[in-house]
Amino acid sequence: MRILHAVRSDAFAGVERHVASLAAAQARAGHRVAVVGGDPTAMRAALGPRIPHRPAATVAEVAAAVRGWRGGDVVHAHMTAAEIAVALAAPTRAVVATRHFAGTRGASRAGRLAEPALRRRIAAQIAISRYVADHVDGPSTVVPVGVPDRPDGRPAVDRARTVLLAQRLAPEKDGATAVRAFAFSGLAARGWGLDVAGRGTERATLERLAARLGVADAVTFLGPRSDVGELMARAGVLLAPCPVEGLGLAVLEAMAAGLPVVAAAAGGHLETVGTVDGAALFAPGEVAGASAALAALAADPARRDAYAAELRLAQRTRFTLAAQVAGTDAVYRSVL
């Protein structure tokens, strides 16, 4: 099939990484794929030289790119702004939309006004998890995100004594719970550190919180990183506090890397980490539960290895790129 993915963006966060990963996997499966939107440098690096890419930071730029795409079968839109652009620019093409977040369409007034027209125009809707499907408007087909399999990770004794937080530093991601949980776990006194990878408006707030809790020397703010995979290969535990994660790409990547995960028992985490017996979950925002889970795993390398193996098996069984491509193909075929 000839497929065009569209996202109105000049960034490279979770949605853009999702688009790049799926597009590259579809190309390897034999489809002809092009991508519109996303940070030009990062998207080009992720897509490789064979997949055409065109930057698009505005709705008008997405619409222009879609109009210029000839002979395609499916336009696959990601996020409301891209859906609006595609609906305007491709009135006769089959349009599929992926819903990445648990909420009704459109945080803006324009998005809310456009929703009835978009619902009529979009032929099929994909949700990245059952949690998302249950919280969006309109029927959806659940196609879980896949990540590449990775070689077996390092054993716990060969990993750094670090807890990794890899996410946007935004209020809804609840980084404050992560900092508090690390501080109250007592791990800093045992030689562990907290590495925070990501950018966002909450960074200064989290830095002040770490200082107020007396763990500033043990918390390292790494900023945005392109080597999160390498950080996961070295870290001892991933901490995932977000209570509204659609599925959690970083969590899936940690599972593939054999990295133990401590996660909020909410949202998409229940469909990933939560499928493993004895999963290290805590109630959303519950610092005591998160700190206890961190302390218990840090004190037991054998448990970390066993838990990591369980998580890796769950990823290789249910969250593969091959399964994601096959599920997405089935949705495309249903509308062509």
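Every number in this text was worked out from the coordinates using simple rules, so none of it is lab data. Because the structure is a prediction, the values reported are computed rather than measured. Neighbour counts run over all protein chains shown; Cβ positions are idealised from the backbone, glycine included.
Considering the chain as a Gaussian network with a 10 Å cut-off on Cα pairs, which listed residue, 117, 27, 56, attains the greatest mean-square fluctuation?
Answer for the Gaussian network model of the chain: 117.
In the calculated pair distance distribution of segment 156-318, what percentage of Cα-Cα distances lie above 28 Å? Could the numbers behind the result be given before it?
On the way: 1238 of 13203 pairs.
Tail of P(r) above 28 Å: 9 percent of Cα pairs.
Nearest 5 percent is fine: what portion of the DSSP beta bridges confined to segment 1-144 is antiparallel?
So the antiparallel bridges in segment 1-144 amount to around 5 percent.
Net charge around residue 256, counting only other residues with Cβ within less than 12 Å of its Cβ (Lys, Arg = +1; Asp, Glu = -1)?
Here the charged neighbours net out to +1.
Where does the charge balance sit around residue 93 when Lys and Arg score +1, Asp and Glu -1, over other residues with C-beta under 12 Å from its C-beta?
Surrounding charge for residue 93 is +3.
On a C-alpha basis, how far is the centre of segment 132-191 from the centre of segment 259-300 in Å? Whole number, if you could?
9
By the scheme Lys and Arg +1, Asp and Glu -1, what is the net charge of all other residues having a beta-carbon under 11 Å from that of residue 220? Don't skip to the answer; put the middle values down first.
On the way: positive: none; negative: 195, 207, 217.
That works out to -3.
Exactly which trypsin sites (Lys or Arg not before Pro) in segment 31-82 are in a DSSP loop and have at most 16 other Cβ atoms within 10 Å?
In loop regions of segment 31-82 (DSSP not H, G, I, E or B), the sparsely surrounded trypsin sites (Lys or Arg not before Pro) are 50, 70.
Percent relative contact order of the chain, based on C-alpha pairs within less than 8 angstrom and at least six residues apart?
16
Given only helices, namely DSSP H runs of n ≥ 4 each adding -39500 (n - 2.57), what is the per-residue ellipticity at 222 nm of the chain, to the nearest 500 deg cm²/dmol?
Calculated from helices alone, the mean residue ellipticity at 222 nm is -12500 deg cm²/dmol.
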